[in-house]
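Asker: First, the structure itself, so that you have it in front of you.
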Amino acid sequence: MPETTVYLVRHGTHDWLRPEHNRFAGAIPGVALNEQGRLEVQRLAGLLSGEPITWIAASPLQRTMETAEMLARARHLDVEADERLLEWRCGVWEGMKIIEIQRRYPSEWKIWREQPDLLRLPGAETVDQMAARMEVAYRAWAARGGTGVLVSHQDPLAALLCTLIGAPL
């Protein structure tokens, strides 16, 4: 395998993360970066400015594509959308407020917080499935060699990191 550096980047902040919303955005389209998120990405672009980045891939959701496009702009790179980098497919929880999930699914919420690899939700992928697709994506992109950026989401990136270092999910 060629020498490779892969930067794993979570998208910038969006309004669904704000306390008054506090929702599981999941794979719902149309969740954009807010001003704070754009500032975060600008700072990151500055930190990465000296790196010889030759490729950038991102989850196709708006918030990740915006993040990736901001990082790619100064380098005149195209961003490649990769479905394997999508947010956790959280089934019935998608779009729900956290407080509503805690009220309607208290035992599942407890499992999610304490042993997420055991969680089974209608319409959701398991944490193991999420980790596996992220690892496949990571290995495929890393095989290109060079220096690149993968832009994804909190839970998929955490699952990938746990997989790569052999830590429990």
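The values are calculated or read from the model by the stated rules, or taken from the named source; none is laboratory data. This one's a predicted model, so the numbers in the text were calculated from it and none came from an experiment. Backbone-built Cβ (ideal geometry, glycine too); neighbour counts: all protein chains shown.
Asker: With (1) in a loop (DSSP other than H, G, I, E, B); (2) in contact (Cβ under 8 Å) with a residue 24 or more places away in the chain as the list, and V6 as the residue in question, which single condition is left unmet?
Answerer: It is condition (1) that V6 fails.
Asker: Output the residues belonging to the range 106-138 that are within 30 Å of E51 (Cα to Cα) and either more than 16 Å from the chain's Cα centre (by Cα) or among the aliphatic types (A, V, I, L, M) (or both).
Answerer: M130, A131, A132, M134, V136, A137
Asker: Next question, about the same structure. Find all pairs meeting these conditions: Cβ atoms under 8 angstrom apart; at least six residues apart or on different chains; first residue within the range 37-59 and within 19 Å of D15 (Cα to Cα); second residue in a strand (DSSP E or B).
Answerer: G37/H14; V41/L33; S59/A81; S59/V151; S59/S152
Asker: If you take the residues of the range 76-105 that are buried (at least 16 other Cβ atoms within 10 Å of the Cβ) and among the basic types (K, R), which of them is farthest from L119 (Cα to Cα)?
Answerer: R84
Asker: Right, another one. Being crowded, with 21+ Cβ neighbours inside 10 Å, within 29 Å of D117 (Cβ to Cβ) and in contact with a helix residue (DSSP H, G or I) (Cβ under 8 Å, 6 or more places away or on another chain) is the filter here, so list the residues in the range 48-75 that pass it.
Answerer: If the condition is that a residue be crowded, with 21+ Cβ neighbours inside 10 Å, within 29 Å of D117 (Cβ to Cβ) and in contact with a helix residue (DSSP H, G or I) (Cβ under 8 Å, 6 or more places away or on another chain), then A57, A58, S59, R63, T64, T67 are the ones that fit.
Asker: Residues to consider are S49, S107; find the one that is among the hydroxyl-bearing types (S, T, Y) and either modelled with pLDDT under 95 or farther than 25 Å from A131 by Cα (or both).
Answerer: Result: S49 is the single residue among S49, S107 that is among the hydroxyl-bearing types (S, T, Y) and either modelled with pLDDT under 95 or farther than 25 Å from A131 by Cα (or both).
Asker: Of the residues in the range 125-168, how many are aliphatic (A, V, I, L, M), crowded, with 16+ Cβ neighbours inside 10 Å and either modelled with pLDDT under 95 or not in a helix (DSSP H, G or I) (or both)?
Answerer: Of the residues in the range 125-168, 3 are aliphatic (A, V, I, L, M), crowded, with 16+ Cβ neighbours inside 10 Å and either modelled with pLDDT under 95 or not in a helix (DSSP H, G or I) (or both).
Asker: Working only within the range 33-47, note down all residues that are in contact with a helix residue (DSSP H, G or I) (Cβ under 8 Å, 6 or more places away or on another chain) and over 20 Å from L150 (Cβ atoms).
Answerer: N34
Asker: Of everything in the range 108-123 that's more than 18 Å from T163 (Cα to Cα) and of a type outside the set (K, R), which residue is surrounded by the fewest Cβ atoms within 10 Å (Cβ to Cβ)?
Answerer: Going through the qualifying residues, I end up with P122.
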